[in-house]
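The next block holds one structure in the form of structure tokens; read it before the comments.
Laboratory data are not the source of any read-out in this text; all were calculated from the coordinates shown. All values reported here derive from a predicted model rather than from experimental measurement. Cβ placement follows ideal geometry from the backbone for every residue including glycine, while neighbour counts extend to all protein chains displayed.
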Amino acid sequence: MVLGFIVGVVAENALEWAVHKHVLHGLGRNKESFWAFHWHDHHKNVRKTGGYDRLYEGSLFASPAKMKEAVGVMAGALAATPLIRRSPGFVAGAWAASAAYYFVHRKAHLDPDWARRWVPWHVDHHLGPDQDANWCVTFPLFDALLGTRKPFVGTAEEQAPKASSTVVAASSSPAPSV
């Protein structure tokens, strides 16, 4: 039972990685896609606010984007359900990991300081220079295994001044008088 639970958690982490990369970012970049909310709404909101996403406030039913995410997470958990008689531990692990995904993701976007401390790989995904890396939300196991983990939070790169802000600051100052 315990081994099955661990395998279920690991399987959901693999699914989390694959869905985030290939569905939410792959298909989601197309504005006409059912999954477009992720790239065009969620990522846009989070980059503007340093990690916060107001869509996670209030009821699950208040936003079509939140409903799509919840349905997707539930579908991932339900996909394991036919195995319940064969491996109840696996199914329990898959369900637990799916629930953890939703609650960790929600908490991360309602409390960016918490996210920087407890899920910095997810902050790296949203605020780092490469939004096509760091696909795992709950734990970066498959990012590490598949070479897509790219740390940003707390690195010299994060601390370095942004070239674009330097240019803006320089261009907004008045020209010296002669």
Worksheet, complete the sentence: Candidates L110, L146, L78; GNM for the chain (alpha-carbon contacts under 10 Å) flags as most fluctuating L146
Response to the item:
The residues S33, S98, S59, sorted from fewest to most surrounding Cβ atoms within 10 Å, come out as S59, S33, S98
Discussion item. At a 10 Å Cβ-Cβ cut-off, how would you order D113, D124, D143, fewest neighbours first?
Written reply: D113, D143, D124
Worksheet entry | Crossing angle, helix 88-110 versus the chain [Cα axis fit, 0-90 degrees, rounded to tens] | 20
Response to the item:
One finds the C-alpha centres of segment 1-46 and segment 80-111 to be spaced, in Å, by 13
Worksheet item: Among F34, F152, F142, which one moves the most in a GNM of the chain with springs linking Cα atoms closer than 10 Å?
Response: F34
Worksheet, complete the sentence: A correct fewest-to-most ranking of V91, V2 by other Cβ atoms within 10 Å would be V2, V91
Worksheet item: In the calculated pair distance distribution of the chain, what percentage of Cα-Cα distances lie above 26 Å?
Response: 36
